[in-house]
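Step one of this worksheet: look at the structure below.
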Amino acid sequence: MAPESKNAGVSVVVNLDSDSDSDNDDGVGGRGAFRSMASLMDKHQVPSTTADATVAPRENLECRSFWKAGENFVIPTGVTNPAAPAIAELIDNAVDEIQNGATFVKIDKINIVKDNSPALVFQDDGGGMDPDGLRKCMSLGYSSKKSNTTIGQYGNGFKTSTMRLGADDIVFTRSTRGGKSTQSVGLLSYTFLRKTGQDDVVVPMIDIDTSKERPQPIIYGSAEDWAASLEIILKWSPFSTEGELWQQLEDIGTHGTKVIIYNLWLNDEGIYELSFHDDNEDIRLRDESVHDSKRVHHNLLELRSHISYHLRYSLRAYASMLYLKRFNNFKIILRGIPVEQFNIADELRLPETIKYNPHTTKEKAPTEIKVGFIKEAPKLAVCGFNVYHKNRLIRPFWKVTMGGERRGSGVVGVLEANFIEPAHDKQDFERSSLFQRLEARLKKIVSNYWNTHCHVFGYCTYGMPADKSKRIAIPDQPPTVNTFNPLPLPSDEIRVSQGGPIIREISLSNATSSRIAAVDTENNLVGKSAHEISEENIQLFMRCEEYVKKETELEQTVSNLAKELEETKSKCARLALLVDAKRREMQQV
């Protein structure tokens, strides 16, 4: 229901300086953070009459590419390049609302009536935000404090994510705090700021108290300010009338939040970064490599069918692996269809669980690392660890072995590393000493596991040629709980055949029987002198040293290239500024 403007003087308009990084003590009702919206509108000659259905069509930006949006658009440091992680940040906010009763988050695409352009919609039925919470959510200088119980916050992650996906977003929210029910609408529009030439980051907001029988606008300044905020929202949002605006709030229900991101960014070719037409049940990032060549090798097609490749371009695949533990009473609904959660550890062949103690004061219990071969091994050479933090996927298929090395091919692991801190974009970890120790440990785990199990798939350990005829037949169908359950063996529990190399027992049928993996014994150590063995050991050691040196050199090369890339980006940005300045001078002439 629309509020009556007759009621006491009304204005909830927030003007937020983008360089403010401290928490205000004024609260929502404080005067320090508020400025007269009516005066701002007069300054930039924006009509202050109440908007109606005849409002002018929403204006668009000249440049719709995120990375070329203009010098007035300050790209936050937390903004990531791919759009999928930005969507994941918004899903995190909804998952954090589970503690407030949230049971779903809906992600969908709608068409804006004003210009028939696509927009992204995120809606959850959590506790919603009160006016103060929405102000903190949309303030560019505010970042919620860290919490041990949540993945993300309605803080910097929300703002940088919406900015990464589109130029503008509008937020609708309903909540009840302390017996007081409120509903609020806020607009964070780069298009509005750019077109009206605002010097500050102005975020128009309106708040309404719905605790009483008739909704009452919440006033912080004057009735003119409240009306001015409403007019700006109607002019620059996808909705032209108050009725359309209130209908969005009604769709939420009694509590929850809806975020609509519009004026979505385009790529360098002038098409939307997100694809909504390739799959009606998915939202995809455009995979340019698919169109690069007409004829694709069969092995590459198989690789592209695996989730390790699919999650880079499919939001449904990415969301299915985004959280380690399965939700009991919460669903991620993508384009009307729930996302089925997936953990690759459930499909591993010859799985093993290794305990890892990071030796930190916070983590008393050891971390479990599950490792095994993917079900497609040895056809696909997919490998790496899916590393989670507080149930959230940070690094998918993190390859810890050297590139081009066969060792570890097909070996995948899963672990939850709460003892290391993720980066601001939740796409990597901070390079701490704990992280480096974990990386070294994972390399050792892959090496030990490979040496123990690789012969099952016809691979060879160092110094032993592979014999494909000795492979143990592996069924093509996905393994069940009772398939490939190896007997837990301590590291020193081995069997030595007479005059042959060390081999290990592997149970292949629910521990009901065990057999010895066949190993080629032609090149065993029998008949070799201690001197020959020592010489071989020295040669292997020297090879290892060469690989380590090569790895260090490659890492240095990558670091140098990264620096060059940053310098090139800086040069491009400066050139863009110069070109824009020249263009303006020419226009003035």
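Derivation of every value follows stated rules applied to the coordinates shown; laboratory data play no part. These numbers were taken from a predicted model, which means no experiment stands behind them. So basically every Cβ, Gly included, is an ideal-geometry build from the backbone, and we count neighbours across all protein chains shown.
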Margin query: Could you give the length gained by full extension between E439 and T552, i.e. 0.36 nm per residue of separation minus their alpha carbon distance, to one decimal place?
Written below: 39.2 nm
Item checked: At R0 = 56 Å, FRET efficiency that the Cβ-Cβ distance of E269 and N357 yields, to 0.05 -> 0.65
Margin query: For R431, R164, R335, which order do you get if you count the other beta carbons within 10 Å of each Cβ and list the fewest first?
Written below: R431, R335, R164
Next item on the list: Quick one: of K106/K370; K114/K258; K159/K582; K325/K355; K399/K549, which pairs are farther than 22 Å apart, Cα to Cα?
Entry: K106/K370; K159/K582
Notebook entry, point to check: Ranked from highest to lowest mean number of other Cβ atoms within 10 Å per residue, what is the order of the peptides 83-91, 337-345?
Noted result: 83-91, 337-345
Notebook entry, point to check: What is the distance, in nm, between label points placed 7 Å from the Cα along the Cα-to-Cβ direction at M542 and at E281?
Noted result: 5.9
Item checked: K379-D199 FRET efficiency (beta carbon distance; Förster radius 51 Å; 0.05 resolution) -> 0.30
Item checked: Projected label distance in nm at K109 and K331, using a 7 Å step from Cα toward the beta-carbon -> 2.2
Notebook entry, point to check: Between segment 207-269 and segment 534-589, how many Å separate their Cα centres?
Noted result: 45
Checklist line | segment 77-275: relative contact order in percent, alpha carbon pairs under 8 Å with at least 6 residues between | finding: 26
